[in-house]
Amino acid sequence: MPSPNRKPILLDFEKPLAELEARIDQIRQLADENGVDVSDQIRQLEARATQLRQEIFGSLSPSQRLQLARHPRRPSTLDYIQAMSDEWMELHGDRGGSDDPALVGGVGRLAGQPVVLLGHQKGRDTKDNVARNFGMAAPGGYRKAMRLMEHADRFGMPILTFIDTPGAWAGVDAEKLGQGEAIAYNLREMFRLDVPIVCTVIGEGGSGGALGIGVGEQLLMLEHSVYTVATPEACAAILWKDAGKAPQAAGALKITAPDLKELGIVDRIVPEPDGGAHGNPLQAAELLKQALVNTLGELMSLTPQQRREMRYQKFRQIGVFSEQIPA
């Protein structure tokens, strides 16, 4: 988990709240030094801070949610796995000569249930991000993920995937190694697996890179995560030839959890702590764990055939709409 003692990284819309909280700390410190009772004033300011936090995070625009989803201190796949699982052993390699650090996975226990956990892994700082390729998996990463999922299916273990990537690696080498084929293979094979599959968007879910581990009976999204066919910057560059119009594109793309829940793409929105998951990673992990345990409990009661049909119908219904023709 990110260290709570490090200096916070503030987004623009968080600054008024941070200034108020700093003022509260300053007043409390001065009162302690001078032996003055300012408890009433502190209570009033804390109530105002709570109200301001609810106002800010209750009315975020799509582009502001995107900033939260990309926050450098937002918990990663490994952060959640280590906080939620009773036991955890990372497994490496795609058995084809590659071990992509941008996609991690292994076996563990969630509330006593043996599971396979895997997901995209971004870095915590610039050096780590370069090593992890900013969470953009290569073909070997998706092949490693499929190897782990086949292992899960063979031994009857549910699969939990965690999506957090701007997209699959789009380099020349990735194309040479079969990026499109690796993702397409995963899409096909995940539909045939017998065990429960629960996918969760924990940060940024981008394009085919997200879908490569995103086929399941249930799709969860953290409250301030995003899920999109293309990044708003890419969309703006394509439509308006201007990446600066990304905020406008973010609104049009319907990338937020509430929008996607309304469209029937997301099955469940997992609430985040006040101020976002980066503000209280342990509480965020506990909320996600409870949602996963509840979802798994529902899916484990179904037969493999029912789960496969549920998975199939979920994706068949995406994009369905009705059009009313005037009389």
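Mind checking the per residue accessible area of the chain for me, 1.4 Å probe, whole number of Å²? If you can, show how the numbers build up before the last one.
Working: 16120 Å² over 327 residues.
The answer is 49 Å² per residue.
Using a 1.4 Å probe over the heavy atoms of the protein chains, calculate the carbon and sulfur portion of the accessible area of the range 1-108 as a whole percent.
Numbers: 2950 of 6160 Å².
C and S atoms contribute 48 percent here.
Given a 1.4 angstrom probe, I'd like the percentage of the accessible area of the range 174-220 that is carbon and sulfur, rounded to a whole number. Write down the numbers at each step before the final one.
Working: 820 of 1370 Å².
The C+S portion of the solvent-accessible surface of the range 174-220 is 60 percent.
Translational D (Stokes-Einstein, µm²/s) of the range 227-289 at 4 °C and 1.567 mPa s when Rh comes from the Kirkwood sum over C-alpha pairs? The partial results should precede the final answer.
On the way: Rh = 13.3 Å.
Rounded, D is 97 µm²/s.
In µm²/s, what is D for the chain at 25 °C and 0.890 mPa s, where D = kT/(6 pi eta Rh) by Stokes-Einstein and Rh is the Kirkwood radius from Cα pairs? Show your work: numbers first, answer last.
On the way: Rh = 21.1 Å.
My calculation gives 116 µm²/s for D.
Stick to Cα atoms and the Kirkwood definition of Rh, then tell me Rg/Rh for the range 134-246. Walk me through the numbers before you get to the answer.
On the way: Rg = 14.9 Å, Rh = 14.7 Å.
Reported Rg/Rh, Kirkwood definition of Rh: 1.01.
Please determine, in degrees from 0 to 90 and to the nearest 10, the orientation of helix 179-190 with respect to the longest principal axis defined by the Cα atoms of the chain, where the helix direction is its Cα long axis.
Tilt of helix 179-190: around 80 degrees.
Restricting attention to the alpha-carbon atoms of the range 64-197, what are Rg (one decimal) and Dmax (integer), both in Å?
Both quantities, over Cα of the range 64-197: 14.6, 43 Å.
Jot down the radius of gyration and Dmax of the range 1-129, Cα atoms only, both in angstrom.
20.8, 68
By the gyration tensor of its Cα atoms, with a ≥ b ≥ c the square roots of the eigenvalues, what is the shape of the range 70-145: rounded for a/c under 1.5, prolate for a/b over b/c, or oblate? Please report the intermediate quantities before stating the final value.
Working: a/c = 2.66, a/b = 1.17, b/c = 2.27.
The shape class here is oblate.
Working only with C-alpha atoms, what are the Rg and Dmax values of the range 258-327, expressed in angstrom?
When restricted to the Cα atoms of the range 258-327, Rg and Dmax are 16.9, 56 Å.
Specify the longest stretch of the chain that does not include any exposed loop site, a site being one of the chymotrypsin sites (Phe, Trp or Tyr not before Pro) with a non-H, G, I, E, B DSSP assignment and at most 11 other Cβ atoms within 10 Å. If you can, show how the numbers build up before the last one.
Details: sites that count: 155, 321.
Between exposed loop sites, the widest span is 156-320.
What does the charge add up to near residue 138, with Lys and Arg as +1, Asp and Glu as -1, over the other residues with Cβ less than 14 Å from its Cβ?
Numbers: positive: 132, 143, 144, 176; negative: 94, 99, 100, 173, 175, 181.
Local net charge: -2.
For the range 187-327, list log₁₀ I(q)/I(0) at each q in 0.09, 0.14, 0.22 Å⁻¹, using the Debye formula over Cα point scatterers of equal strength and ignoring solvent, two decimals each.
So the normalised log intensities work out to -0.33, -0.76, -1.35.
Dipole magnitude of the chain about its Cα centre, charges +1 at Lys/Arg Cβ and -1 at Asp/Glu Cβ only, in debye to the nearest 20?
Values: 36 positive and 42 negative charges, 153 e Å.
Using only the charged Cβ atoms, the result is roughly 740 debye.
Which whole-number percent gives the relative contact order of the chain, counting Cα pairs below 8 Å spaced six or more residues apart?
On the way: 567 pairs, mean separation 50.6, N = 327.
About 15 percent, as a whole number.
Working from Cα positions, state the angle (0 to 90°, nearest 10) between the long axis of helix 304-316 and the longest principal axis of the chain.
With rounding to tens, the tilt is 70 degrees.
The values are calculated or read from the model by the stated rules, or taken from the named source; none is laboratory data. Since the model is a prediction, treat every value here as computed from it, not as a measurement. Methodologically, a virtual Cβ is constructed for each residue, glycine included, from the backbone with ideal geometry; neighbour enumeration extends over all protein chains shown. All accessible areas refer to the heavy atoms of the entire protein, side chains included, with ligands and DNA or RNA removed. Shrake-Rupley method; radii C 1.70, N 1.55, O 1.52, S 1.80 Å.
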